[in-house]
Amino acid sequence: MRLLFDQYIRFVTNFPKTVLLLIAIIAAALAMGLPHFKLDASADSLTLEHDTDLQYFREMSRQYKSGDFLVVTFRPHSDLMSDDSIALLGELKADLAAIDGVVGVNSILDVPLLYSPKQSVSEIITSPRTLLTPGVDREQARREFLDSPIYRNLILGPDGQTTALQLNIAIDEGYMDLVQKRDALRYKRDHEGIDNQEREALEEVSREFLAYRTTSEAQGHDRVQQVRAVVSKYKDRAQIFVGGITMITADMITFIQSDLVVFGTAVILFMVLILAFIFRKLRYVVIPMITCLTAVLMMLGYVSWLDWRLTVISSNFVALLLIISLAIIIHLIVRYREYSAEQPEWSQQQLVIATVKFMARPCLYTALTTIVAFASLVISDISPVIDFGWMMTIGLVLALILAFLIMPACLMLLSPEKFATKGSGKEKKSKPLTLFFSSFVENHGKLVLCLSGVMAILAAIGIAKLEVENRFIDYFHESTEIYQGLSVIDNNLGGTTSLDIVITSPISIDDSNSETFEGEDDPFAEDESYGDDSFADDPFADESGEAETTSAPTSYWLTVAGLKRVEKIHDYLESLPEVGKVQSLATLYKVGKDLNGGLNDFELAILTRSLSPEVKDVLISPFVPAEADNTRVSLRIRDTYPGLQRKELVERIREHLFTVLEYTPEQVKTTGLLVLYNNMLQSLFTSQIVTLGAVFLGILFMFIILFRSFTLAIVAIVPNILAALSILGTMGLAGFPLDMMTITIAAITVGIGVDDTIHYIHRFKEELVFDGDYIAAMHRSHASIGQAMYYTTLIIVFGFSIMILSEFIPTIYFGLLTGLAMFYALMGALLLLPKLILMTRPFQLPKSESVSTPSLRAT
């Protein structure tokens, strides 16, 4: 290994131009992939790997034919029911319906009116009415939209002025088929194993799926732009917002693109300024920037060639890689400048070789420990977190290699830096700021331990308060259309997040006619005249007076017994304060009883068969699939409800269904976006525990190998554990929840924080050799490597602070909290770490030296 290392040094220092040329060729080849660079903000990127609930969600979407949709909220400047507003809404609807991919638009203009005035069942069948039907009382229609069991909290806001148009997008059957094939092969690969043929099939279907999804997402993005273009023409006459998953996905892509440009530009400018301020030499600005930018360029080209798409989380690797690459370079520059000042007679080659040899070991181990921290993220169940872990792992390896190639090669093309000689009077400098910390440790060591203990206690209290519950609406600035649209829908139109409860029939359809429920009358005994003469005055009878016959119901749920069961679920859900609009077959039952004065199975069968397609699409089709004996109760949750606890809400609903309504767990399934989002949030706790555990164990093991001392390994890891726990505690005390961004902070804190620990211990050990004095070695370490640690932390803190420019709130929190975490890590390395070293004295002193009495007293 040493021979290989010596050959590397000789090659780089003897052939620097060749090294730089080879790097430039490789970078150019990778950069050619940049035209293939893609972003991913799809719903798939925010779900768990192998989430069975996701598979069930897709299955139910297919079964109930519930595709994606966009929502356009509409609040005209004039009265909603005026002729001008109705005409304006009609124009808007027509323009939206003409957009490619929109298969239908639902609005107050075309939903059936049943209470304006109240109609009989036969009137609903023979002469359905809508808001556009001549002679309709629009004020009655407004009251129906506000108060009827069908439309209440759904289609018209409480102000009577805000309504919404739902743009229905056809179910993408091709997408469903491909993702089903891909996931089936993935599951078999991970749980049973697959042969070569199946592996090839998985690779093929994965490529096909990615290509298909790329086209589909592009079409969805174009569709959103067309909707916005249409809407913009009406904004002078109405307050209009666009909402829906497709719109959010399109905007997230825009956010990621903006963040990449803004962060990249801002971080680069900041790095240039900070390097110029610290070193005041052009060479120490140009060389680090070339190294960092080359690392980012090569990584972006690499992920582009692989079609490895950046998500809102993994896109942060660009800024992070720039910052960490710069930290490695700064350590090299600081050590090179120290040699240049101490050994002015050395040649440039001697200076470069000495710098590389001295820094190779600590930089290698710091890179490895940081890699361990980021690699631990791959054990998460969240796809974008896994991608982020792998990208940073690969990027760090690349950054380390480039730092030890580009910097020595570039320096070999330059002359040595000249420093003022001793005695000239120009070398006089102020003491490094970091010496303040070493003096504090020497004079107030016990206070350092006490403050660390207080931090640990506060961290424990904060971690106990840490939650994963957060509102999706709070991910966006109030000025964004996403926030404004979600706010209107949540507060005025029945809630934003969908939750579906799918209930399987408790009995077969053949037995449904004889079912009687405990505590209630037989549903078929409602009409005492039930029998041959019960429909003598049947409104559905033909002209001969004979009742129209019908076949038996095709679903248990389209019987009175089934509808009564659904009604109990429906009424319970409506009583929950977190729940906005509830939709189910119970609405059919309530409306039928209200309009007909009661329903039995025969009337119900005729009614369901005779209703117009428009009425069926409102009352029946969304809740009973064509070929399955289950029913869906669909509800929307108010995301802005104070103290919303998604997991607790779902568990409370299930408990009520099991204990009060006596359903079995096999009969009840919950699905919808709320379940998928909640699964992702709840996995954060597990991921955080597993990730941190893996990081701590991995780095402790590496410390033991590196330092060959269990005591020193414990001393080294304690400050990093405290820093990681402190940032989590700070989040808990400040009320910041864990989310898909902040979950990575603790691992990043440890991964980057250990860099300072390793550099400091390595330098402390070297300094101790001079005189065997622990106190003096601490001061010298603070004055030398302490400065590099201070500079790198300063860059990291301010670099991450640039993320406040993001449009995505979690990214802002991520930047600020990571910067604070790095500050905690620096304080641990400059205060707690040296105090623990002074207490434990883990290094063997040189045989010819002895520790002085003053040093012993100082500890």
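The values are calculated or read from the model by the stated rules, or taken from the named source; none is laboratory data. What you see is a predicted model, and the numbers here were worked out from it, not measured in a lab. In this analysis, Cβ positions are derived from the backbone assuming ideal geometry, glycine residues included, and neighbour counts consider all displayed protein chains. Heavy atoms of the whole protein, side chains included, go into the accessibility calculation; ligands, DNA and RNA do not. Shrake-Rupley method; radii C 1.70, N 1.55, O 1.52, S 1.80 Å.
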Matching residues in the range 206-240 - criterion: being surrounded by 14 or more Cβ atoms within 10 Å (Cβ to Cβ) and of a type in the set (A, V, I, L, M): L210, V224, V227, V230, V231, A238, I240
Working only within the range 61-95, note down all residues that are surrounded by 20 or more Cβ atoms within 10 Å (Cβ to Cβ) and assigned to a helix (DSSP H, G or I). S85, L89, L92, K93
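When you look at Y677, is it among the aromatic types (F, W, Y), over 30 Å from L114 (Cβ atoms) and open to solvent by less than 20 Å² (accessible area, probe 1.4 Å), yes or no?
Values: among the aromatic types (F, W, Y): yes; over 30 Å from L114 (Cβ atoms): yes; open to solvent by less than 20 Å² (accessible area, probe 1.4 Å): no.
So Y677 fails the test.
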Give me the residue from the range 180-205 that is touching a helix residue (DSSP H, G or I) at 6+ places or on another chain (Cβ under 6 Å) and open to solvent by less than 40 Å² (accessible area, probe 1.4 Å) and, out of that set, nearest to V111 (Cα to Cα). R182
Checking the condition hydrophobic (A, V, I, L, M, F, W, C) and under 30 Å from Y483 (Cα atoms), which residue from L300, L269, L310, L293 passes? L310
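Given the criterion modelled with pLDDT of 80 or more and either of a type in the set (K, R) or open to solvent by less than 20 Å² (accessible area, probe 1.4 Å) (or both), identify the matching residue among T504, T497, T480.
T480
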Subset of the range 117-159 [among the hydroxyl-bearing types (S, T, Y) and touching a strand residue (DSSP E or B) at 6+ places or on another chain (Cβ under 7 Å)]: T130, S148
In this structure, is L48 surrounded by 18 or more Cβ atoms within 10 Å (Cβ to Cβ) and either modelled with pLDDT under 95 or within 30 Å of A184 (Cβ to Cβ) (or both)? yes
So the check is Cβ under 8 Å with 6+ separation or different chains; which pairs have a first residue in the range 791-805 that's in contact (Cβ under 8 Å) with a residue 40 or more places away in the chain and a second one that's of a type in the set (D, E, K, R) and open to solvent by 20 Å² or more (accessible area, probe 1.4 Å)? T792/D755
Please work out which residue is surrounded by the fewest Cβ atoms within 10 Å (Cβ to Cβ), limiting yourself to the range 255-284 and to residues that are farther than 20 Å from M407 by Cβ and hydroxyl-bearing (S, T, Y). T265
Return yes when D771 is closer than 17 Å to L377 by Cβ and acidic (D, E) and no when it is not. no
Selection within the range 625-674 - open to solvent by 20 Å² or more (accessible area, probe 1.4 Å) and under 13 Å from G495 (Cβ atoms): S634, R636, R638, T640, Y641, L673
As an exercise: evaluate F69 against (1) at pLDDT below 80; (2) in contact with a strand residue (DSSP E or B) (Cβ under 8 Å, 6 or more places away or on another chain) and give the number of the one condition it does not meet. (1)
Residue that is farthest from the chain's Cα centre (by Cα), among those in the range 122-146 that are at pLDDT 90 or above and of a type in the set (D, E, K, R): D137
So which helices (runs of 4 or more DSSP H) stay within the range 644-736 end to end and still have 3 or more residues that are at pLDDT 90 or above and under 19 Å from G828 (Cβ atoms)? 710-734
Given the condition assigned to a helix (DSSP H, G or I) and at pLDDT 80 or above, answer yes or no: does some residue in the range 415-431 qualify? no
Members of the range 103-153 found to be outside any helix (DSSP H, G or I), surrounded by 16 or more Cβ atoms within 10 Å (Cβ to Cβ) and basic (K, R), listed by number: R129, R152
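Got a sec? Which of I406, I330, I401 is assigned to a helix (DSSP H, G or I) and either in contact with a Gly (Cβ under 7 Å, 6 or more places away or on another chain) or open to solvent by 10 Å² or more (accessible area, probe 1.4 Å) (or both)? If you could, list the steps in order and put the result at the bottom.
Values: I406 fails: either in contact with a Gly (Cβ under 7 Å, 6 or more places away or on another chain) or open to solvent by 10 Å² or more (accessible area, probe 1.4 Å) (or both); I330 fails: either in contact with a Gly (Cβ under 7 Å, 6 or more places away or on another chain) or open to solvent by 10 Å² or more (accessible area, probe 1.4 Å) (or both).
Only one candidate qualifies: I401.
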Please indicate, with yes or no, whether at least one residue in the range 736-746 is more than 21 Å from the chain's Cα centre (by Cα) and β-branched (V, I, T). no
Residues in the range 555-582 that are over 18 Å from D629 (Cα atoms), polar (S, T, N, Q) and touching a residue at least 12 places away in the same chain (Cβ under 8 Å): how many? 0
Just one of M299, M252 is assigned to a helix (DSSP H, G or I), among the hydrophobic types (A, V, I, L, M, F, W, C), under 29 Å from I809 (Cα atoms) and open to solvent by less than 10 Å² (accessible area, probe 1.4 Å); which is it? M299
